[in-house]
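Everything below concerns the one structure shown next.
The values are calculated or read from the model by the stated rules, or taken from the named source; none is laboratory data. Given the structure is predicted, the values throughout are model-derived calculations rather than measurements. Using ideal geometry, Cβ is built from the backbone for each residue, glycine included, and neighbour counts are taken over all protein chains shown. Just the protein is used for accessible areas: all its heavy atoms, side chains included, with ligands, DNA and RNA removed. Shrake-Rupley method; radii C 1.70, N 1.55, O 1.52, S 1.80 Å.
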Amino acid sequence: MNKVIGVLITVLITITLLLGVMDLPQFGNDNNPTHNEVSKYYIDNSIKDTGATNIVTGVILDYRAFDTFVEASVLFTSTITVMILLKKGIKG
């Protein structure tokens, strides 16, 4: 019974993901969200706004610092969790 439920959940998740992929914009289209005014603003003003000589560094550490901090916190927490689980697995 558990295997049937697992297969059904897997199929439902797969269908949901495939439906989501179908809504993605066509690759290479000039009207894609990646070609909007935000990226142009970052390229034109990041050195002036952030003082960083590297645009990528300016975007990650100044414009998106809070988002980057949260991502780093999630990675740190997951790493610690895996280490705790592996440590318990060795003793048990």
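Sparsely packed loop sites in the range 1-67 (the chymotrypsin sites (Phe, Trp or Tyr not before Pro) outside DSSP H, G, I, E and B with at most 10 other Cβ atoms within 10 Å) comprise F27. Based on Cα atoms of the chain, Rg over Rh with Rh as the Kirkwood radius reads 1.18.
Measure off, as a whole percent, the carbon and sulfur share of the 1.4 Å-probe accessible area of the chain, all protein chains present.
Numbers: 5790 of 8270 Å².
With neighbouring chains kept in place, the figure for the chain is 70 percent.
Couplings for the range 12-21, taken from phi via the Karplus curve 6.51 cos²θ - 1.76 cosθ + 1.60 with θ = phi - 60°, read 5, 5, 4, 5, 4, 5, 5, 5, x, 5 Hz in order; Gly and Pro are left as x.
Per residue, how many Å² of accessible area does the chain show with a 1.4 Å probe?
Numbers: 8270 Å² over 92 residues.
Computed with neighbouring chains in place, this is 90 Å² per residue.
Restricting to lysines 8 or more places apart or on different chains, can you count the pairs in the chain with Cα atoms under 30 Å from each other?
Qualifying lysine pairs in the chain: 4.
The long axis of helix 65-91 is offset from the longest Cα principal axis of the chain by roughly 20 degrees.
A simple rule links phi to the HN-Hα coupling: the Karplus curve 6.51 cos²θ - 1.76 cosθ + 1.60 with θ = phi - 60°, which for the range 42-51 gives 4, 5, 6, 10, 5, 5, 5, 6, 9, x Hz, with x for Gly and Pro.
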